[in-house]
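Everything below concerns the one structure shown next.
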Amino acid sequence: GAGVSQSPSNKVTEKGKDVELRCDPISGHTALYWYRQRLGQGLEFLIYFQGNSAPDKSGLPSDRFSAERTGESVSTLTIQRTQQEDSAVYLCASSLTAGGYEQYFGPGTRLTVT
Amino acid sequence: SQELEQSPQSLIVQEGKNLTINCTSSKTLYGLYWYKQKYGEGLIFLMMLQKGGEEKSHEKITAKLDEKKQQSSLHITASQPSHAGIYLCGARSGGSNYKLTFGKGTLLTVNP
């Protein structure tokens, strides 16, 4: 079956512009996660969605970052007024549910802010 | 917050050699995950360990969890060029059942 897909695969944007990243989780997976991977750093948790529960936004680095999810399907991560330090690979993952199930990752979106 | 330290940071081996990568946690481990990442690609799930003493194998890769030492090891037997990549360990942080903290990764190069 299809894995987690993300688009675009690469995005170059000018400082100050807004960007929107998309994630399509594996069908049937109720849990969805966004992570950020900056050069030389480990993955950083950003946000978690589980079904219709309120998302855990505790990892979002600033109020310029927001994310939405429609039901148990597509999610979008929006970064407003991008800064150079936002340059990173943004990875989306999904799992059957929470509670210790393995998280399956998408290929990521490489964001470069110039 | 929980920190995961991986060692070594990078490793170069000759094809056919065995190798071990370690992941040590600063706090109690609640589930330990191993992933592999190739440059420019997403993470490929390898194994998940949940109980102290647990050991899992898949093809030539074996992972163990030592709960007392708060450590996991990943062992590759008879390495092949296809094993090359970045190996990442992740753990559920603070007892959360979903939030993962990751190490910085171990870059493995296998020379033919």
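The values are calculated or read from the model by the stated rules, or taken from the named source; none is laboratory data. Quick caveat: nothing in here was measured; it's all calculated off a predicted structure. Neighbour counts are summed over all protein chains in view; Cβ atoms, including those assigned to glycine, are modelled from backbone coordinates with ideal geometry.
A few points about this structure:
- Selection within region B:85-112 - crowded, with 19+ Cβ neighbours inside 10 Å, in a loop (DSSP other than H, G, I, E, B) and under 14 Å from the mean Cα position of the chain (by Cα): B:GLY103, B:GLY105
- Residue in region A:14-61 that is farthest from the chain's Cα centre (by Cα), counting only those that are among the β-branched types (Val, Ile, Thr) and assigned to a strand (DSSP E or B): A:VAL19
- When A:GLN84, A:GLN103, A:GLN50, A:GLN41 are checked against the criterion of being surrounded by fewer than 13 Cβ atoms within 10 Å (Cβ to Cβ) and under 30 Å from B:LEU49 (Cβ atoms), a single residue qualifies: A:GLN41.
- Residue within region A:90-108 that is part of a strand (DSSP E or B), acidic (Asp, Glu) and more than 17 Å from A:GLU44 (Cβ to Cβ) present: no
- From the list B:LYS51, B:LYS27, B:LYS60, B:LYS36, the lone residue that is of a type outside the set (A, V, I, L, M) and in contact with a Gly (Cβ under 7 Å, 6 or more places away or on another chain) is B:LYS36.
- In the set (1) closer than 19 Å to B:LEU43 by Cα; (2) without any contact (Cβ under 8 Å) to a residue 60 or more places away in the chain, A:TYR33 fails one condition alone, (2).
- Some residue of region B:61-84 being within 13 Å of chain A (Cβ to nearest Cβ) and surrounded by fewer than 21 Cβ atoms within 10 Å (Cβ to Cβ): no
- Flag if B:GLU54 is crowded, with 16+ Cβ neighbours inside 10 Å, away from chain A (no Cβ under 14 Å) and at pLDDT below 90: no
- Conditions (1) within 14 Å of another protein chain (Cβ to nearest Cβ); (2) of a type outside the set (Gly, Ala, Ser); (3) touching a Phe, Trp or Tyr at 6+ places or on another chain (Cβ under 8 Å); (4) closer than 18 Å to A:ARG36 by Cβ; number of the one not met by A:PRO107: (3)
- Residue within region B:28-42 that is in contact (Cβ under 8 Å) with a residue 24 or more places away in the chain, of a type in the set (A, V, I, L, M), surrounded by 15 or more Cβ atoms within 10 Å (Cβ to Cβ) and not in a strand (DSSP E or B) present: yes
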